[in-house]
Amino acid sequence: FVFPPPSRHKRWSSCLKLKFGHRPTSRGSVVIRLALLLSPLCLLAVWGIWPSPAAEEAFADKPYGIDERIPWTTSKVVGSPNPPLPYRVKRTFAKLEFRKAIGVTTLAGTRDVLVFSTTGGHEGPATIHRLANDRATEKAEPFLTLDHIIYGLAFHPDFAKNGYMFLGCNGPDKAKKKTRVLRYTVDRQAAFRCDPKSQHLVIDWESDGHNGGDLGFGTDGYLYVTSGDGTSDSDTNLRGQDLTQLTAKVLRIDVDKSDGDKPYAIPKDNPFVGRKDCRPETWAYGLRNPWRMTYDKKTNQLWVGNNGQDLYEQAYLVRKGDNFGWSVTEGSFPFQLQRQRGPDPIVKPTVEHPHSESRSLTGGIVYHGAKHPDLADAYIYGDYSTGKIWAVKHDGTRVVWHKEVANSRLQITGFGADPDGELLIVDHAGGLYELEPTPKDGPRAPFPTRLSETGLFASVKGHQVEPALIPYSVNAPLWSDGADKERFIALPGNETVQFTPSRGWNFPNGAVIVKSFSLPTEAGKRHIETRLLTRQDGEWHGYSYLWNDEQTDATLVDAAGADRVYEVKEPAGVRKQKWHYPSRTECMVCHSRAANWVLGLSELQMNKVHLYGKVADEQLRTLAHIGVFRVNLLDHLSETRRQWQRMGQVMPQLARDFTNELPALPANTTSVLDHARAAVPALSPPSLWPVLEKSLQGQPRFTNLLPRRPQEYAKLVDPYDKRADLNARARSYLHANCAQCHVEAGGGNALMELEFTTPREKMRVFDVKPQHHTFDIEGARLIAPGTPDKSMIYQRMARRGAGQMPPLATHDVDREALELIREWIKGMK
């Protein structure tokens, strides 16, 4: 049952009679008459949510790119080439969602759990929610709201008597941002309410970037607090080795005493007490961006996770007087060796990860729960960008055990423990998780180590894929150092893809996205790499295969990735081309949750004509024809609302005609027409949404057809097509090459949003000061309208090495795109 275009009034009214059982009586004729009048309005109202035969008629005289779908039955891409990790993550407190969650802890004196999250941006406001330690709970009540972002929360060791709760936070203070430690008073008896008026400032310092702000009490009763270098890139203010400031440190203060005008005192055994030009609050220094700190009282260990910059991430077991080296070093490696060092020797990280396996480390806690005895007394930490989780045991002298224990797709912002000491994992995207042992499923099929074993190719030699694979292309390709690409979709059997109105589509388990890269050589086009992105057991994984010299097969690249050099033929001669085969972690840094994993398979990228052999056809039309899509009609209701603005000029007349001609309906009539009749007195777009939603109840909500014609969908343009609009070209390039990270909740910590569909005023790039390195350019802006050379987006595109963008998968500057962005910025007023 479909809503046809206006030319099919008779057919539509007949459908109504058959569907709702109306008889050709006088009452039935009223219904038919109403249907005839309602048809044009319904067409406008539901054109974007109900499959329209008109979309098929528009191309009825054209051949399809693919006549019939061939089921793919030869897949061998199953499982993993590595043995399963001992644990996996499982959603807990599943009925609650805390978007932009940052941390979790237990409310002292109770068995309740506290979750703190930011409801705004990087400055707050923030809310602490309180919930019962019941995994089935549906209720989380506000405990405290603050106009700053909250980084840490700790209760005084003598909480039972004084009720003190301490928060580490950051936010604006007049014209400057500061990190603060605030004290609040909580009732010591049920219902343990927090008094927001009890706020008391303990200590603060200027900080606009790497802010620190996590805190905890030690076994000595003193409060330990982290601070970052206070900027957002490369230690601009040279605070890492500066002992005269409170930044880039672990601080240790006595909050039970005051010293002169300070509401705290300095413990006499602090390592820098009495030393010239040193802040006596300092316990350790040389930290870039300490993200999460824990003081474990059982092991008497103080752990700090630290975000590195260019190449490495670190975690430190902190001791009295340690110097961790920033920004002379980045962890164990040189960074700016010419910079002035502090007076103490540099201490290497306790654990360190290259960016090929970790991109934004999140410090954790020492585990003392009962569920996982093998993790007892292990420091458990993770990574925001990759979702990996590790555990390390340290005997006080050295690391005695260290391994990866889980590989999730979470954006991990924190770890905590429930009242029983069981681990809780905070996902920034909106929930709490815990670890569970990975099920032992018995013997596994061997993962294909050669491309010829994947079931994707009829013949790897000659790059002949299985006939069931569906070729595709994109409007705005990702820059890959000038390599040519061939792309294919492999769907198991007759599985379908859920067509989503924004970002990447949703693929079924067993799906494989194939992309092969080739470079021009003196011997002709040479395939060098084939990448597979596959969804297995609800998770996406990336694998690379390196082609042999004979071009007859390709071998699975090791998990850490690889590098090769090829000789590439150009008009000017032959040059050496460095090629990076990404690690499996790097694959998932770009193919992130924020972009919904699949970057090129979206409405914006796929809405284009593709050449299928000798037949050119709209990709969306072809995919719909062969039954690839599964469209949720209700999901498209919100998308349809955007069309009302275009329809506004015709709606008033339709509304008047409809109201004047509407006959009375019997009160006992029950059909979609009743719902439409109820909306007539206030006929307007908002009043029709519930009507349409109700009309879909009981109807099939899924279809293989597209809700609209392909030409009515949004699309990127080819950035290299100089005939296209300049602004559309530039925005398309930024979308394809940058927006997988630079979106809300993406992996980049810059505040810009570069999606093609983001309104200009919400991009936060025009005349905005950079949060990161400015390359010593005076007056630098993210985009300085009219001045490309002062625009950091342009400058980062023009560089390779430290500070380049995109940061992965490219060694050469895209000169043509660089000129495009230069022209775009130069033309701005």
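Assorted remarks:
- Each residue was assigned an accessible area with a 1.4 Å probe, and for H428 the value is about 40 Å².
- Shape class for segment 263-391: oblate, because the ratio a/c of the largest to smallest gyration tensor axis (alpha-carbon atoms, square roots of eigenvalues) is 1.5 or more and b/c is at least a/b.
- Amide H partners (placed H, <5 Å) of T362, local residues excluded: G382, D383, Y384
- Highest-first packing order for the peptide set 444-450, 814-820, 486-492, 239-245 is 239-245, 486-492, 814-820, 444-450, based on the mean count of other beta carbon atoms within 10 Å.
- Pairs from the table (K178/K790; K177/K276; K62/K608; K298/K320; K388/K440) lying more than 25 angstrom apart at Cα are K178/K790; K177/K276.
- P(r) of segment 202-264 over all Cα-Cα pairs, binned every 10 Å from zero, in whole percent: 22, 47, 27, 5
- When only alpha carbons of segment 574-627 are considered, Rg and Dmax amount to 16.4, 46 Å.
- Of the whole protein surface, D549 contributes about 110 Å² of accessible area at a 1.4 Å probe radius.
- Residues of segment 784-828 with an amide N closer than 16 Å to a point placed 7 Å from the Cα of K576 along the Cα-to-Cβ direction: 811-812.
- Segment 274-338 - Rg over Rh from alpha carbon coordinates, Kirkwood radius: 1.00
- Zone residues, segment 433-473, relative to K76, backbone N less than 11 Å from point 7 Å out along Cα-to-Cβ: 446-457
- 5 angstrom amide H check on V405, placed H, neighbours 5+ away: I389, W390, A391
- Of the whole protein surface, K576 contributes about 140 Å² of accessible area at a 1.4 Å probe radius.
- log₁₀ of I(q)/I(0) at q = 0.11 Å⁻¹ - segment 129-239, Debye sum with one point per alpha carbon: -0.42
- Estimated vicinal HN-Hα couplings, Hz - segment 383-398 in sequence order (Karplus 6.51, -1.76, 1.60; Gly, Pro = x): 9, 5, 7, 9, x, 6, 10, 10, 9, 9, 10, 10, 8, x, 10, 7
- Added length on full extension, which subtracts the Cα-Cα distance from 0.36 nm per residue, N237 to D261: 5.9 nm
- Karplus-derived 3J(HN,Hα) values for segment 65-82, using 6.51 cos²θ - 1.76 cosθ + 1.60 with θ = phi - 60°, are x, 10, 6, 8, 7, 9, x, 8, 10, 9, 5, 10, 7, 9, x, 9, x, 9 Hz; glycine and proline are entered as x.
- Label-point separation, R99 to E68 (7 Å along Cα→Cβ), nm: 4.7
- Relative packing of peptides 212-222, 405-415, 331-341 - highest average C-beta neighbours within 10 Å first: 405-415, 212-222, 331-341
- When each of the peptides 130-143, 464-477 is scored by the mean number of other C-beta atoms lying within 10 Å of its residues, the order from highest to lowest reads 464-477, 130-143.
- Summarising the amide proton neighbourhood of R88: residues at separation of 5 or more, or on other chains, whose placed amide H is nearer than 5 Å comprise E436, T438.
- FRET efficiency estimate (nearest 0.05) - Cβ-Cβ, D812 to D558, R0 25 angstrom: 0.55
- The equivalent ellipsoid that matches the C-alpha gyration tensor of segment 722-829 spans semi-axes of 17, 16, 16 angstrom, in descending order.
- Table column - 3J(HN,Hα) (Hz), segment 484-492, Karplus curve with 6.51, -1.76, 1.60, x for Gly and Pro: 7, 9, 10, 10, 8, 10, 10, 10, x
- In Å, descending, principal axis extents of the Cα set of segment 109-188: 42, 31, 15
- The length gained on full extension between K268 and A714, counted as 0.36 nm times the residue separation minus their Cα-Cα distance, comes to 154.0 nm.
- Hull volume per residue, based on the alpha-carbon atoms of segment 462-521 and their convex hull, is 105 Å³.
The values are calculated or read from the model by the stated rules, or taken from the named source; none is laboratory data. The shown structure was predicted, so the numbers you read here are calculated from the model rather than taken from an experiment. So basically every Cβ, Gly included, is an ideal-geometry build from the backbone, and we count neighbours across all protein chains shown. Just so you know, the surface numbers come from the protein's heavy atoms only, side chains and all, with ligands and any DNA or RNA stripped out. Shrake-Rupley method; radii C 1.70, N 1.55, O 1.52, S 1.80 Å.
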